[in-house]
Amino acid sequence: MGRHKICLQTQNRINDVYLYGLIGEKLSHSFSADYFNKKFEREGLADAHYRLFELSTIEQLYELIKSYPQLRGLNVTIPYKKQVINLLHEIDPVAAEIGAVNTIKITPDGMLKGYNTDWLGFKQSLSNFIGQASIKSALILGTGGAAAAVKAALNNLQIPHITVSRRPGKAELSYSQLTPELLMANQLIVNCTPLGMYPDVNTMPDIPIESITPEHLVYDLIYNPPETLLLKLAKARGAIVKNGLEMLYLQAEASWQIWQS
Ligand code: NAP
């Protein structure tokens, strides 16, 4: 990608620790620091710490890495999973194909390599959710980084899918096109929008909820709150529902494996 190596300063090295973290615009919803710091404690990794770093633009990434030379790995969340790609030195082919990076490995000499573990986390979690059920078709709500990872997982599981967007592109649908017939034809619905996420918990994607039946499986990538408005209303109509907590843990473990490799 032709980027220069980042010259790491050493004056901020307070303790000889390995630092990991999450970058995103707003991070008050995130469970990642809690998950990793408990894991480090459980596994006796006293020299590892995980912190949240709110960045108002993705260009602040280089400054962050210079300020924390002990950083070895980062997770990436809204809205930077696509934008970060231009700042990396190298990208894993799977992440390049998905077009979104949620994991960055930082080498001691300041090289940044991007990966995507969301797709793996979602694939494993979805497989646990659907079990042996054969899904004819799925609706993906949203077109961001998480939606791209979900698409890759559904492709891998050979589950046909249609994307729904506020500004639909070719072969995509708008929310106003979601008729009862269309919902009937798509047994699995995956929310990849942030609608319903803490603190805006009273929002949800604009789908005709009255068309949800006990035949539906509704997976919401959001895990905070554990039951979004979408999941609550879908459950009340008899659907089987699942939130994104298991996916979060699975993608986090996959990130950890990458940082340790
Ligand atoms: P993102 O890149 O910002 O994309 C979200 C997409 O949602 C947008 O592309 C947009 O699609 C749609 N959207 C955004 N605001 C909307 C609104 N007001 N009304 C309707 N649609 C809207 O975010 P992301 O990184 O893909 O993350 C999406 C969600 O998944 C977040 O809640 C995130 O926390 C969650 N997530 C969870 C996990 C996990 O491990 N559980 C992993 C990744 C992400 P259109 O413009 O096409 O409508």
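The values are calculated or read from the model by the stated rules, or taken from the named source; none is laboratory data. Bear in mind that the values here come from a model prediction, so they are computed numbers and not experimental data. Every residue, glycine among them, receives a Cβ derived from its backbone with ideal geometry; neighbour counts consider all protein chains shown.
I need a count of the residues in region 66-123 that are within 16 Å of the ligand (Cβ to nearest atom), surrounded by fewer than 19 Cβ atoms within 10 Å (Cβ to Cβ) and of a type in the set (Gly, Ala, Ser).
1
Are any of the residues in region 209-218 modelled with pLDDT of 95 or more, within 13 Å of the ligand (Cβ to nearest atom) and of a type in the set (Gly, Ala, Ser)? Steps first, answer last, please.
First pass over region 209-218, keeping only residues modelled with pLDDT of 95 or more: 209-218.
Subset that is within 13 Å of the ligand (Cβ to nearest atom): none.
No, every residue in region 209-218 fails to be modelled with pLDDT of 95 or more, within 13 Å of the ligand (Cβ to nearest atom) and of a type in the set (Gly, Ala, Ser).
Looking at (1) assigned to a loop (DSSP other than H, G, I, E, B); (2) crowded, with 16+ Cβ neighbours inside 10 Å, find the lone condition where TYR249 falls short.
(1)
Report whether or not ILE140 is within 12 Å of the ligand (Cβ to nearest atom) and under 23 Å from ALA96 (Cβ atoms). Don't jump to the end; show me each part of the working.
Working: within 12 Å of the ligand (Cβ to nearest atom): yes; under 23 Å from ALA96 (Cβ atoms): yes.
When the stated conditions are applied, ILE140 passes them.
Scan (1) more than 9 Å from the ligand (Cβ to nearest atom); (2) over 19 Å from LYS235 (Cβ atoms); (3) buried (at least 21 other Cβ atoms within 10 Å of the Cβ) for the single condition GLN177 breaks and write down its number.
All conditions are met except number (3).
Rundown of residues vs (1) at positive phi; (2) in contact with a Ser or Thr (Cβ under 6 Å, 6 or more places away or on another chain); (3) of a type in the set (Ser, Thr, Tyr), yes/no style:
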{"position": "PRO160", "(1), (2), (3)": "no, yes, no"}
{"position": "ASN186", "(1), (2), (3)": "no, yes, no"}
{"position": "MET197", "(1), (2), (3)": "no, no, no"}
{"position": "VAL201", "(1), (2), (3)": "no, no, no"}
{"position": "THR213", "(1), (2), (3)": "no, no, yes"}
{"position": "PRO225", "(1), (2), (3)": "no, no, no"}
{"position": "LEU245", "(1), (2), (3)": "no, no, no"}
{"position": "ALA252", "(1), (2), (3)": "no, no, no"}
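Yes/no per residue for (1) closer than 19 Å to SER32 by Cβ; (2) in contact (Cβ under 8 Å) with a residue 40 or more places away in the chain; (3) of a type in the set (Phe, Trp, Tyr):
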residue: PRO194; (1), (2), (3): yes, yes, no
residue: PRO199; (1), (2), (3): yes, yes, no
residue: PRO205; (1), (2), (3): no, yes, no
residue: SER211; (1), (2), (3): no, no, no
residue: GLU215; (1), (2), (3): no, no, no
residue: ASP220; (1), (2), (3): yes, no, no
residue: PRO225; (1), (2), (3): yes, no, no
residue: ALA234; (1), (2), (3): no, yes, no
residue: MET247; (1), (2), (3): yes, yes, no
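Filter region 216-246 down to residues that are touching a strand residue (DSSP E or B) at 6+ places or on another chain (Cβ under 9 Å) and not in a helix (DSSP H, G or I), then give me how many there are.
Matching residues across region 216-246 total 15.
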